[in-house]
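No lab work stands behind these numbers, since they all come straight from the coordinates. Since this is a predicted model, take the numbers as computed values, not measurements. No Cβ is skipped: glycine too gets one built from the backbone with ideal geometry, and neighbour counts run over all protein chains shown.
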Amino acid sequence: MPSVLSFALSGVYAIVDGFFVGNSIGDLGLSAVNIAYPIVAVIQALGTGIGMGGAIYYSINKAEKKETQAREFTAGALWVLIISSAVLTFLIFFLNSPILKLLGAKGDLLYLGEEYIAIIALGAGLQIIGTGLIPFIRNHGGSFYAMVSMIAGFVSNMILDYLFVWVLDQGVAGAAWATIIGQGITMLIALIYLLRNKQFTYK
């Protein structure tokens, strides 16, 4: 359920961004958010995939009383999340223009799409690590807490969208900042839960 909710909220993030941007700067802003969504979806899928894979192997070894292997899989998954975050941030930040052109963006749409994705790329690690930690929270009995962390991030994004886009008139850049701050809140809550959970081991 947390993984399904994670994917659902990823789409809703884009819808909320599009709503505020579309009503602020018009159809062009909405189109910029929409054309950039496949890139956002890849970021989301990477974090969820790594997290689910690591959590599954953790659960298998934990059930078989293989504590050392369980810790190794946890540590391995965390390192993969960190490394993939760095790599994807670099790739998306420096290659966002060719990717958007491949998706059909040009002219003003390309300009706004680049502005949006460049900021999203800076926060890619927050989303990858945040969504990657959700399956581990679930495995440690925190399914409800996992949903709370994701919902908290979404609500924060919605409030900040209103502030940045409508009140401060920051356009697509404001929507992007609202998104990565919301994802950062999700990651922070997830980390706090795991670090305070005595059953969570990775060393």
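Full-extension gain between residue 41 and residue 151, please, as 0.36 nm times their residue separation minus the C-alpha to C-alpha distance.
On the way: separation 110, 0.36 × 110 = 39.60 nm, distance 1.78 nm.
Difference between extended and current length: 37.8 nm.
Counting only other residues whose beta carbon sits under 13 Å from that of residue 178, what net charge do I get with K and R as +1, D and E as -1?
Numbers: positive: none; negative: 17, 161.
That works out to -2.
I'd like the distance between the alpha-carbon centres of segment 148-190 and segment 54-108, rounded to an integer number of Å.
22 Å
Express in nm, to one decimal, how much length is gained between residue 173 and residue 86 on full extension, taking 0.36 nm for each residue of separation and deducting their alpha carbon distance. Don't skip to the end; give the middle numbers.
Details: separation 87, 0.36 × 87 = 31.32 nm, distance 2.14 nm.
Stretched fully, the residue 173-residue 86 segment lengthens by 29.2 nm.
Extending each Cα 7 Å along its Cβ direction at residue 60 and residue 15, get the distance between those two points in nm, one decimal.
If labels sit at residue 60 and residue 15, their model points lie 3.6 nm apart.
From the gyration tensor of the Cα coordinates in segment 45-173, what semi-axes in whole Å does the equivalent ellipsoid have, largest first, with each one equal to sqrt(5λ)?
Working: eigenvalues 237, 74, 18 Å².
Working through the eigenvalues yields semi-axes of 34, 19, 9 Å.
Which length gain, in nm to one decimal place, applies between residue 106 and residue 94 when the Cα-Cα distance is subtracted from 0.36 nm times their residue separation? Intermediate values should be presented prior to the final figure.
On the way: separation 12, 0.36 × 12 = 4.32 nm, distance 1.72 nm.
Stretched fully, the residue 106-residue 94 segment lengthens by 2.6 nm.
At 222 nm, what value in deg cm²/dmol follows for the chain if DSSP H runs of at least 4 each add -39500 (n - 2.57) and the sum is divided by all its residues, to the nearest 500?
Values: 7 runs with 174 residues, N = 203.
That comes out to -30500 deg cm²/dmol.
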